[in-house]
1. Can you sort 97, 438, 367 by how many other beta carbons sit within 10 Å, fewest first?
2. From Cα pairs below 8 angstrom and at least 6 apart in sequence, can you work out the relative contact order of the chain, rounded to a whole percent?
3. May I ask for the percentage of alpha-carbon pairs in region 105-216 that lie more than 17 Å from each other?
4. For a quick check: sort 425, 163, 32 by the number of other beta carbons within 10 angstrom, fewest at the front.
5. What is the Å³ per residue value for the convex hull set by the Cα atoms of region 96-144?
6. Over region 44-129, what is the mean sequence separation of C-alpha contacts under 8 Å (at least six apart), divided by residue count, expressed as relative contact order in percent?
7. Rounded, prolate or oblate for region 178-267? Axes are the square roots of the Cα gyration tensor eigenvalues, ordered a ≥ b ≥ c, and the cut-off for rounded is a/c under 1.5.
8. Relative contact order for region 320-440 using alpha-carbon pairs under 8 Å, separation at least 6, rounded to a whole percent?
């Protein structure tokens, strides 16, 4: 997990949840779920692929505009909140839970669905006015209300240093709340705690995917057209009101599995879903018509990033050895190196630090320009595979990005023109202090 913050535990001990924070190898804020005797010890992505395999799918992604920094969860166990627990779903193991966003100062109702052995979920914001970034929450067994404590910290948009607040569910009928969802082959089935009406014309659906990479987070990409930034709109063909009005089917014939599906209802409510798989079509309504899916290039789930290209300087002719070492605190031990024009050199880069580094030799006067280009690669999903080396004529040679306690050797020819040639670490941000000069004489 990348920076897990808080835990949730189901009443029967079957499920444990935690949140992870957007960053390297974590494309967006997420809730991860561990199920007893099912995925214990699973790898959820932090630190990169293990054995070349993609990570365990998360329970839920949330866009950074909704939850930029997440915290803990609690399963709904209070009788006063019983109508929000999922009712029949609670008895089948898919009891709803409350999730906290410390960054957004909000609480979310999370509904879960199991399709073909894979858990997925939908979430809707139920409160967004905490005085400080909410961190931990539990239901009080004495009064049945939800109690939340909070604190200031990284990335929170809340105003106060700390808080201790109570959330009461009053059970009002003025705005019914969805308490269960099912992603089907032809749409989304929603069950509310009270009868409701949804208008298809003023509702909206869209979807997108994230990329799993060493970049800090991920842009939002089209599901239908891989590697194209943007969202795919999903046409809502109809809205079907069922039974006593508590169940609504949103007919979306072209719905497809996606890391994120956003459903905006005419009631003003927004649901964010992570859909790994679709259950069988829902057919129990008048006018049902089987509609074929449009062909598309959907990329479902997270895939392992591409392997790095072989370094072209590893097989060159060896020369005089120059050792360059990383030091603690984003520094090179050797701030200055010397070589004769046209001299054969073997650059041995050693990294005893605790974070990855490399060594790149550049043309005179290019440090600032090249460093700025390196910084921009933090959001490039291919950045690590390219060792954060930008496409630039300023680049002369470089080592691979070298993991902690590792080393990397390249064989180069010193430039034929005399001058001061800067060298730097290309990991975004490092170059500003981690640089030096090769003096060619």
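1. 367, 438, 97
2. Numbers: 1155 pairs, mean separation 52.0, N = 441.
Relative contact order of the chain: 12 percent.
3. Cα-Cα pairs in region 105-216 separated by more than 17 Å: 70 percent.
4. Numbers: 425 33, 163 19, 32 22.
The most exposed by this proxy come first: 163, 32, 425.
5. Cα-based convex hull of region 96-144, divided per residue, equals 101 Å³.
6. Computed value for region 44-129: 23 percent relative contact order.
7. Working: a/c = 2.71, a/b = 2.21, b/c = 1.23.
Prolate shape, in that a/c is at least 1.5 and a/b is the bigger ratio.
8. On the way: 274 pairs, mean separation 46.2, N = 121.
Once normalised by length, the contact order is 38 percent.
Coordinate-derived values only; no laboratory data. Keep in mind the model is a prediction, meaning the values are calculated, not measured. As a convention, Cβ positions derive from the backbone with ideal geometry for all residues, glycine included, and neighbour counts pool all protein chains shown.
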